[in-house]
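The block underneath contains the structure these notes are about, expressed in structure tokens.
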Amino acid sequence: MIEKFNIFANGDEVSARIVREVREKMRSAGAEYCEEEEEADLIFCIGGDGALLRLLRQYDFPQAPIVGINTGHLGFFQEIPVDGIDEFISMLQHGDYHIQENSALSADICTEGGLKKITAINEIVIRGEGERLMHLDMSIGENYISRFSGDGILICTPAGSTAYNYSLGGVIVDPEVNMLQVTPIAPVNNSAYRSFTSGIIVPTNKTIEILPAKDEDRFVVVIEDGRIVARDDVKKVTVRVAERKAKIVRFSNYNFWSKVKDKIL
Ligand code: NAP
Ligand code: MN
């Protein structure tokens, strides 16, 4: 039984209407709205996947589980369609759901100005700003692997495998599999440069370290779930599985592969 709930929403009109609807319906079901997400037993996320990414950032990967109502375009993380709110509130209040714990990534970005720590649910991308070829040295778990020349390197979680990673030819991963995926972005292979061209799967107990290979390569940008978090003067980026997870409410009819079929394939 959910007693206290919080709502995070997109700024659009449809989402604003759904916020009012959810507030009223949850009140009628005996639950109380609370401003502080730390006090909530459940957080509604109204919008698309982008709204969920913003929620995780703003609420700093909250303790309470999140349930998504999809008013967005794709809504891979979202569980409830806008016309299914009544049914799902009843399922919620009867406890007919489970919580899917999605692994996140954390990265330490070492820059001229100091150390910055970030957490991402989809992916972390280290890339150039576009005009020149980047050279990055990559190590996995203390072992130097190779020098990469190309646009950049993406590291994603299973949950993020269906996003940017998939557009790059990366593998779709069932979130029940624990791993990190390293995906090259436009790798160069010729007589001057050799780069890895396939994805690399790394177990969750290993770290991935990426260093600009030469002084001029320090002008990279680091992107966390589609948002630039560091640029220029990056000395080293170390990526690992985060301690925190994104807890997403899933109902009994949830099936990752039917979502893949409906929304991607
Ligand atoms: P956006 O530019 O509005 O969204 C990009 C698209 O990615 C949206 O359709 C979004 O769904 C979808 N998406 C987000 N997470 C997903 C996931 N885990 N699985 C499948 N699709 C997902 O920006 P945004 O909504 O803030 O999303 C940021 C994400 O965009 C980044 O994390 C990155 O993965 C992705 N991206 C993709 C490319 C590419 O494919 N070439 C380039 C840059 C960024 P909604 O419509 O429901 O929001
Ligand atoms: Mn979006």
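The values are calculated or read from the model by the stated rules, or taken from the named source; none is laboratory data. Quick caveat: nothing in here was measured; it's all calculated off a predicted structure. In this analysis, Cβ positions are derived from the backbone assuming ideal geometry, glycine residues included, and neighbour counts consider all displayed protein chains. In case anyone asks, the SASA skips ligands and DNA or RNA and just uses the protein heavy atoms, side chains included. Shrake-Rupley method; radii C 1.70, N 1.55, O 1.52, S 1.80 Å.
Scan segment 46-58 and tell me whether some residue there is away from ligand 2 (no atom under 16 Å from the Cβ), within 27 Å of residue 119 (Cβ to Cβ) and surrounded by fewer than 21 Cβ atoms within 10 Å (Cβ to Cβ). Looking for residues that are away from ligand 2 (no atom under 16 Å from the Cβ), within 27 Å of residue 119 (Cβ to Cβ) and surrounded by fewer than 21 Cβ atoms within 10 Å (Cβ to Cβ), one finds none in segment 46-58, hence no.
Each row is one residue, and each column tells you yes or no for (1) touching a residue at least 60 places away in the same chain (Cβ under 8 Å); (2) within 30 Å of residue 20 (Cβ to Cβ).
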{"position": "78", "(1), (2)": "no, yes"}
{"position": "100", "(1), (2)": "yes, yes"}
{"position": "104", "(1), (2)": "yes, no"}
{"position": "115", "(1), (2)": "no, no"}
{"position": "119", "(1), (2)": "yes, no"}
{"position": "135", "(1), (2)": "yes, no"}
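Does residue 42 satisfy being surrounded by 15 or more Cβ atoms within 10 Å (Cβ to Cβ), of a type in the set (A, V, I, L, M) and within 16 Å of ligand 2 (Cβ to nearest atom)? Answer is no for this residue.
Please determine, by comparing only the residues of segment 72-81 that are touching a Lys or Arg at 6+ places or on another chain (Cβ under 9 Å) and over 13 Å from residue 102 (Cβ atoms), which one is farthest from ligand 2 (Cβ to nearest atom). Per the criteria, the residue is 75. Among the residues in segment 101-109, are any buried (at least 23 other Cβ atoms within 10 Å of the Cβ) and within 16 Å of ligand 2 (Cβ to nearest atom)? Scanning segment 101-109, I find no residue that is buried (at least 23 other Cβ atoms within 10 Å of the Cβ) and within 16 Å of ligand 2 (Cβ to nearest atom), so the answer is no.
Kindly indicate the residue of segment 60-80 that is more than 12 Å from ligand 1 (Cβ to nearest atom), in a loop (DSSP other than H, G, I, E, B) and over 14 Å from residue 259 (Cα atoms) and also most open to solvent (accessible area, probe 1.4 Å) among those meeting that condition.
For segment 60-80, the residue satisfying everything is 63.
Filter segment 88-100 down to the residues that are over 21 Å from residue 242 (Cβ atoms) and among the aliphatic types (A, V, I, L, M), then identify the one that is surrounded by the most Cβ atoms within 10 Å (Cβ to Cβ). Out of the qualifying residues, it is 92.
Among the residues of segment 1-19, those identified as within 20 Å of residue 53 (Cβ to Cβ) and free of Cβ contacts under 8 Å to residues at least 40 places away in the same chain are 7, 11, 16, 19.
In segment 212-228, which residue that is assigned to a strand (DSSP E or B) and open to solvent by 20 Å² or more (accessible area, probe 1.4 Å) is nearest to ligand 2 (Cβ to nearest atom)?
Let us first name the residues in segment 212-228 that are assigned to a strand (DSSP E or B), namely 212, 220-224, 227-228.
With the extra rule that they be open to solvent by 20 Å² or more (accessible area, probe 1.4 Å), the set shrinks to 212, 223, 227-228.
Values: 212: 30, 223: 15, 227: 12, 228: 16 Å.
If we take residues in segment 212-228 being assigned to a strand (DSSP E or B) and open to solvent by 20 Å² or more (accessible area, probe 1.4 Å), then 227 is nearest to ligand 2 (Cβ to nearest atom).
Determine whether residue 64 is more than 29 Å from residue 234 (Cα to Cα) and either in contact with a helix residue (DSSP H, G or I) (Cβ under 7 Å, 6 or more places away or on another chain) or within 16 Å of ligand 2 (Cβ to nearest atom) (or both). So residue 64 passes the test.
Residues of segment 82-109 being over 13 Å from residue 229 (Cβ atoms) and touching a Lys or Arg at 6+ places or on another chain (Cβ under 8 Å), which ones? Correct list: 85, 86, 89, 97, 98, 99, 100, 101, 102, 103, 104.
Taking the criterion of being in a strand (DSSP E or B) and more than 16 Å from ligand 1 (Cβ to nearest atom), the residues of segment 8-59 that qualify are 32, 33, 42, 43.
Considering segment 155-196, the residues that are outside any loop (DSSP other than H, G, I, E, B) and in contact with a Lys or Arg (Cβ under 9 Å, 6 or more places away or on another chain) include one that is surrounded by the most Cβ atoms within 10 Å (Cβ to Cβ), namely 180.
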